[in-house]
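Q: One structure coming up, written as structure tokens, with questions to follow.
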Amino acid sequence: MYWEKDVETIDRKNLEELQLSRLKDTIAHAGNSYYYGKTYKEKGIQADLIKSLSDIQKIPFTTKDDLRENWPYGFISVNKDELVRMHSSSGTTGRATVIFHTANDLAVWTNLLARCMYMAGMRKSDVFQNMMTYGLFTGGLGFHYGAEKIGAMVIPAGAGNSKRQIQLMMDFATTVVHVIPSYALHLSTVFAELNLDPRKDTNVKIAFVGAEPHTEKMRRKIEDIYGYKAFNSYGLSEMNGPGVAFECPRQDGLHIWEDSFLVEIIDPETLQPVADGAEGELVMTTLQREGMPILRYRTKDLTRIIPEPCPCGRTHRRIERIKGRTDDMLILKGVNIFPMQIEKRLMDIPGVGTNFLIILDRQEFNDSMTVKVEVSKEYFSGDLKQLEMLRKKIIEELKSEILITPKVDLVGLDILPKGEGKAVRVIDNRKD
Ligand code: AMP
Ligand code: ZN
């Protein structure tokens, strides 16, 4: 039932002692990096500052902007020779945040994923089909190595190519899958096209779903269509990727692995800790990272800690499913997108006006993005070929920026609604 019983059920007092000792080590070690070395000096931070876990509040927060500004190696705390792999966040936000790992970091990460998958019920006898993008994105390789560690047979299917996914699932009697929730819904329409019923025609018992926000209702819908159990998987590249927090068989909140991460929930306005159990922004400190320790990382994800212990016996606290974000980042098909990326690209294209609107839809289980763009009125008179060429160019430009092909509608100037004050850039119509 447990992958590592002593770690997963460790009593809180021992867990906190372990955290404190790892926190002290992490803070001392992080000082070797250019960024934290400089920050410690500026703020007069000494390694012996930390006497208790709450002393973490004396350390400044780290943000995505800090990571970007010190790109690529400003956060490295070991000799570069010790690094064995890099990953980055999904999407291309200009300079994507890059995370570097030592061999030991990868071993720790792999073990966390094995712990998660084992907790949800995966075993050595399973056939695991990983339908996530392999490469820089963490969902592919992260789960891959975790599953191999358990000893399951891994099908590294990668993302997309729905008919082949279904074929693989049927040919090799896949029992466990890892899938983005919106893709799971889309895939069900391909099953229907092929006159197949996933409940009858596949052997899948367990799915790991994550990488993007989804509601309880959406999870239940997926479980209903496929007849498997879907476990919520939360993570972010800055904290390795998946394997940060994961549901146990009770499917009631995600255990966040506190031997590896120190967890805080703060009020995103005042930046002060919230009351126990209250909602706020999740902030995390790595407790076992060698290559690139990160202190008090502001995830911008909103959640709360469930204060009651979980009946499953694991003592690591649970967070609730992610409620939203404190910034304007969108996640479409598992890819992170900032409206600013779209704005920047559009503004570089001659003929494009200053106003645009992003509309996200979910139709027939298919998520899509439409970008309405205001363009100069000359394009609408005479030969409409120019207009079509401009539309195609915008699609190309946006695709290379956000990795997803949007629909683009061109409209005349002053057609789109102007928000009062802050422009309304995004309308999200995605419902369960
Ligand atoms: P990345 O760094 O590209 O892996 O993106 C990480 C972000 O994806 C997180 O900060 C969350 O906003 C989002 N995310 C990942 N997993 C989940 C999940 N299970 N539920 C909701 N949001 C998620
Ligand atoms: Zn539990």
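Q: Identify, from the list D252, D259, the residue that is under 26 Å from M131 (Cβ atoms), more than 13 Å from ligand 1 (Cβ to nearest atom) and either touching a Lys or Arg at 6+ places or on another chain (Cβ under 8 Å) or not β-branched (V, I, T) (or both).
A: After ruling out the rest, the residue left standing is D252.
Q: While we're here: Scan Q341, Q386 and give me the residue that is at pLDDT 90 or above, in the same structural domain as L416 (by TED's automatic domain parsing), polar (S, T, N, Q) and more than 30 Å from P249 (Cβ to Cβ).
A: Just one listed residue meets the conditions, Q386.
Q: Out of K38, K64, K58, which single residue is under 29 Å from M329 (Cβ atoms), in contact (Cβ under 8 Å) with a residue 60 or more places away in the chain and not small (G, A, S)?
A: Working: K38 fails: in contact (Cβ under 8 Å) with a residue 60 or more places away in the chain; K58 fails: in contact (Cβ under 8 Å) with a residue 60 or more places away in the chain.
Step by step, each of K38, K64, K58 is checked, and only K64 is under 29 Å from M329 (Cβ atoms), in contact (Cβ under 8 Å) with a residue 60 or more places away in the chain and not small (G, A, S).
Q: Identify, please: which residue in the range 282-337 is small (G, A, S) and part of a loop (DSSP other than H, G, I, E, B) and is, among those, nearest to K13 (Cα to Cα)?
A: So the first thing to find is which residues in the range 282-337 are small (G, A, S), and the list is 291, 313, 324, 334.
Going one step further and asking which of them are part of a loop (DSSP other than H, G, I, E, B), we end up with 291, 313, 334.
Details: G291: 28, G313: 15, G334: 37 Å.
So, considering only residues that are small (G, A, S) and part of a loop (DSSP other than H, G, I, E, B), the one nearest to K13 (Cα to Cα) is G313.
Q: Let me ask something additional. Just one of (1) closer than 24 Å to I265 by Cα; (2) open to solvent by 60 Å² or more (accessible area, probe 1.4 Å); (3) basic (K, R); (4) at pLDDT below 95 trips up R95, so point out which.
A: Against the list (1) closer than 24 Å to I265 by Cα; (2) open to solvent by 60 Å² or more (accessible area, probe 1.4 Å); (3) basic (K, R); (4) at pLDDT below 95, R95 comes up short only on (1).
Q: Any residue at all in the range 245-258 that's open to solvent by 10 Å² or more (accessible area, probe 1.4 Å) and within 30 Å of Y73 (Cβ to Cβ)?
A: Checking the range 245-258: not a single residue is open to solvent by 10 Å² or more (accessible area, probe 1.4 Å) and within 30 Å of Y73 (Cβ to Cβ).
Q: It is to be established whether one or more residues within the range 131-146 are of a type in the set (A, V, I, L, M, F, W, C) and in a helix (DSSP H, G or I).
A: The answer is yes; a qualifying residue exists.
Q: To continue, here is another question. Go through the residues of the range 229-239 one by one and say whether even a single one is assigned to a loop (DSSP other than H, G, I, E, B) and either in the same structural domain as T174 (by TED's automatic domain parsing) or among the charged types (D, E, K, R) (or both).
A: The answer is no, given that none of the residues of the range 229-239 is assigned to a loop (DSSP other than H, G, I, E, B) and either in the same structural domain as T174 (by TED's automatic domain parsing) or among the charged types (D, E, K, R) (or both).
Q: With the condition kept exactly as written, say whether any residue in the range 89-100 is away from ligand 2 (no atom under 16 Å from the Cβ), without any contact (Cβ under 8 Å) to a residue 40 or more places away in the chain and of a type in the set (S, T, Y).
A: There is no residue in the range 89-100 that is away from ligand 2 (no atom under 16 Å from the Cβ), without any contact (Cβ under 8 Å) to a residue 40 or more places away in the chain and of a type in the set (S, T, Y).
Q: Next question. Within the range 277-310, take every residue that is among the small types (G, A, S) and farther than 25 Å from N111 by Cα and give me the one that is least open to solvent (accessible area, probe 1.4 Å).
A: This residue is G280.
The values are calculated or read from the model by the stated rules, or taken from the named source; none is laboratory data. Since we're looking at a predicted model, the values are computed, not measured. With ideal geometry, Cβ positions are generated from the backbone for all residues, glycine too; neighbour counts draw on all protein chains shown. Heads up: the accessible areas ignore ligands, DNA and RNA and are worked out on the full protein's heavy atoms, side chains in. Shrake-Rupley method; radii C 1.70, N 1.55, O 1.52, S 1.80 Å.
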